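Novice: Here's a structure for you.
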Amino acid sequence: MPFKPAENPKCPKCQKSVYAAEERVAGGYKWHKSCFKCGLCGKMLDSTNCTEHEAELYCKNCHARKYGPKGYGFGGGAGCLSMDTGSHLQQGDDIVVSRAPLLPKAIAKAPEGEGCPRCGGYVYAAEQMLARGRAFHKTCFKCAVCNKGLDSVNVSEGPDKDIYCKVCYGKKFGPKGYGYGQGGGTLQSDCYAPRGIGHAGGTFLGLMCDALDLNWQSDAAPKTTVIDTACIKAPPGQGCPRCGGVVFAAEEVLAKGRPWHRKCFKCKDCKKTLDSIIACDGPDSDVYCKTCYGKKWGPHGYGFACGSGFLQTDGLTEDEISQSRPFYNPDTTSIKAPPGQGCPRCGGMVFAAEQQLAKGTMWHKKCFNCAECHRPLDSVLACDGPDREIHCRACYSKLFGPKGFGFGHTPTLVCADGAPAAIHNDIRPNSGPKAAPGQGCRRCGYAVYAAEQMISKNGIWHKRCFSCVECKRSLDSTNQNDAPDGEIYCRGCYGRNFGPKGVGFGMGAGTLTMA
């Protein structure tokens, strides 16, 4: 059975098959993408501005010209008479030719020195181009030699107060001699071109011998002048620390707030050029690279300065090595501080790298240990005692905690008949500093420290004093009751003293209590 290709719709414009990848749909027809344009003006269309009429496509303006209403007020907006049918657009296939006459424009002459330097006419803001502060017409803003149109990027202002392109400027006013102008391999023969070895003759070496050569021939090539700012000396203490010269902003490099020349900012020992990352300020007010700084001022000995694999003793004399200088460890406790400002344990100066704080007082890290057992402490384990020393929790409890059977609680042996214990030990302190009125423990009146403090509604208490005033039962924040008399009670004693009285109250429903 012979192969029969599938039928595809035909484009109304070119009568060729339209495939899915390039189809445009309008008015029930399918068009090629390249054929989807106005039949009059050739403008490319899309789905928002196309208008179809009898298998022809138009833009909205051309459709109004050809098929829209005509007469006064139609076709061109209210107020004008339009009988345009678009016939002038049908003469060319895709090219629109404007038949507007190009009349010569008469330019009014400006006063001398105020107009365009090229034509002398007035220059208005819409067409002005500026060069050397003088306004040119846009049409006059072109090279004086080759008439190439210029703009602000490629214009070059000559010393004769005219403008040139960069090539013509180089020919007329540029440097002359070997290597300039058009290169060493081209023929250059105009009146402004450079001459000499490598010019005007192609690839051979020779000199042009016209009358102008004697004016510019030279025995030496042009040299670049470099000013050494180091020879400009600054006042003492204000210049570059290395050469003493004035340091200007374009070559300034800062180290410890002092300006250096960029060329002077190098290591004093190995002369390596430095920058702000690898520079190290030495105690001798000079700068070093990190390696030289480590050799000269860093720690020495096994594992220092050059890795942990060998003994490094660069920069040390035999005397320093023999005196064990590499293992020198300064003892800051020997640097005594003013009275009341140093470490409370040793009285030495406390520096930031080793300080530990306790109650606003600074301690050495190695002095921050328990005064009794000398256990090292930190901010979590340390307890400040009333003797202005620091202790671990165990030693603090031994020295300043409650004493007696059960650490101040009611004896744990209770009679079988439920009778309260007859004897209670008074565990309140009887020595030490008394606190100011209203600031100490509510029960004993002595000072309360943070490690043993208990808080109630009426004030602060020692942990050992925080017990019921009647039955001496130890309390905590879950079972303490603040009474109107300023004391604290357990729930049972509070109910007996301040609770409601009568049938159903006090000891449970069903009993009468008038206690």
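The values are calculated or read from the model by the stated rules, or taken from the named source; none is laboratory data. In this text the structure is predicted, and so the values were computed from the model without any measurement. For neighbour counting, all protein chains shown are included, and Cβ atoms are generated from backbone atoms with ideal geometry for every residue, glycine included. These area figures cover heavy atoms from the full protein model, side chains too; ligands, DNA and RNA do not enter into them. Shrake-Rupley method; radii C 1.70, N 1.55, O 1.52, S 1.80 Å.
Novice: Does the stretch 253-280 hold any residues that are in contact with a Phe, Trp or Tyr (Cβ under 8 Å, 6 or more places away or on another chain) and closer than 18 Å to Gly298 by Cα, and which are they?
Specialist: Residues satisfying the conditions are Cys267, Lys268, Asp269, Ala279, Cys280.
Okay, residues lined up against (1) open to solvent by less than 30 Å² (accessible area, probe 1.4 Å); (2) aliphatic (A, V, I, L, M); (3) closer than 24 Å to Phe400 by Cα; (4) not in a loop (DSSP other than H, G, I, E, B):
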site	(1), (2), (3), (4)
Cys444	yes, no, yes, no
Met454	no, yes, yes, yes
Ile460	no, yes, yes, yes
Gly486	yes, no, no, no
Cys493	yes, no, no, yes
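Novice: Could you check the stretch 462-483 and list, in sequence order, the residues that are in a loop (DSSP other than H, G, I, E, B) and without any contact (Cβ under 8 Å) to a residue 24 or more places away in the chain?
Specialist: Phe466, Leu475, Asp476, Ser477, Thr478, Asn479, Ala483, listed by residue number.
Novice: Testing Pro437 on (1) modelled with pLDDT of 85 or more; (2) under 30 Å from Asp485 (Cα atoms); (3) more than 55 Å from the chain's Cα centre (by Cα), one condition comes back false. Which one is that?
Specialist: Of (1) modelled with pLDDT of 85 or more; (2) under 30 Å from Asp485 (Cα atoms); (3) more than 55 Å from the chain's Cα centre (by Cα), only one is false for Pro437: (1).
Novice: Separate question: Under 6 Å by Cβ, and 6 or more places apart or on different chains, what pairs join a residue from the stretch 46-60 that is farther than 19 Å from Pro9 by Cα with one that is assigned to a strand (DSSP E or B) and among the hydrophobic types (A, V, I, L, M, F, W, C)?
Specialist: Close Cβ pairs (under 6 Å, with a partner that is assigned to a strand (DSSP E or B) and among the hydrophobic types (A, V, I, L, M, F, W, C)) amount to Asn49/Cys59; Cys50/Ala26; Cys50/Leu57.
Novice: While we're on this one: Just give me the residues in the stretch 158-187 being modelled with pLDDT of 55 or more, surrounded by fewer than 18 Cβ atoms within 10 Å (Cβ to Cβ) and not in a helix (DSSP H, G or I), in sequence order.
Specialist: Answer for the stretch 158-187, where residues must be modelled with pLDDT of 55 or more, surrounded by fewer than 18 Cβ atoms within 10 Å (Cβ to Cβ) and not in a helix (DSSP H, G or I): Gly158, Pro159, Asp160, Lys161, Asp162, Gly174, Pro175.
Results for (1) under 29 Å from Val448 (Cβ atoms); (2) in contact (Cβ under 8 Å) with a residue 12 or more places away in the chain; (3) part of a loop (DSSP other than H, G, I, E, B); (4) of a type outside the set (Val, Ile, Thr), shown as yes or no for each residue.
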| site | (1), (2), (3), (4) |
| --- | --- |
| Thr333 | no, yes, no, no |
| Gly340 | yes, no, yes, yes |
| Pro344 | yes, yes, yes, yes |
| Leu357 | yes, yes, no, yes |
| Met362 | yes, yes, no, yes |
| Cys367 | yes, yes, yes, yes |
| Cys373 | yes, yes, yes, yes |
| Ser379 | yes, yes, yes, yes |
| Pro386 | yes, yes, yes, yes |
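Novice: Now for a different question. Provide a single number: the residues in the stretch 346-377 that are among the acidic types (Asp, Glu) and open to solvent by 70 Å² or more (accessible area, probe 1.4 Å).
Specialist: Residues meeting the conditions: 1.
Here is a yes/no grid of residues against (1) open to solvent by 70 Å² or more (accessible area, probe 1.4 Å); (2) at pLDDT 85 or above; (3) within 21 Å of Cys292 (Cα to Cα); (4) in a strand (DSSP E or B):
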residue	(1), (2), (3), (4)
Gly196	no, no, no, no
Phe204	yes, no, no, no
Ala211	yes, no, no, no
Ser218	yes, no, no, no
Thr225	yes, no, no, no
Ala230	no, no, no, no
Ala250	yes, no, no, no
Val253	no, yes, yes, yes
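Novice: Return the only residue of Cys306, Cys267 being at pLDDT 90 or above and at negative phi.
Specialist: When all the criteria are applied, what remains is Cys267.
Okay, residues lined up against (1) within 52 Å of the chain's Cα centre (by Cα); (2) modelled with pLDDT under 55; (3) not hydrophobic (A, V, I, L, M, F, W, C):
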{"position": "Gly360", "(1), (2), (3)": "yes, no, yes"}
{"position": "Cys370", "(1), (2), (3)": "yes, no, no"}
{"position": "Leu377", "(1), (2), (3)": "yes, no, no"}
{"position": "Thr412", "(1), (2), (3)": "no, yes, yes"}
{"position": "Ala422", "(1), (2), (3)": "no, yes, no"}
{"position": "Pro429", "(1), (2), (3)": "no, no, yes"}
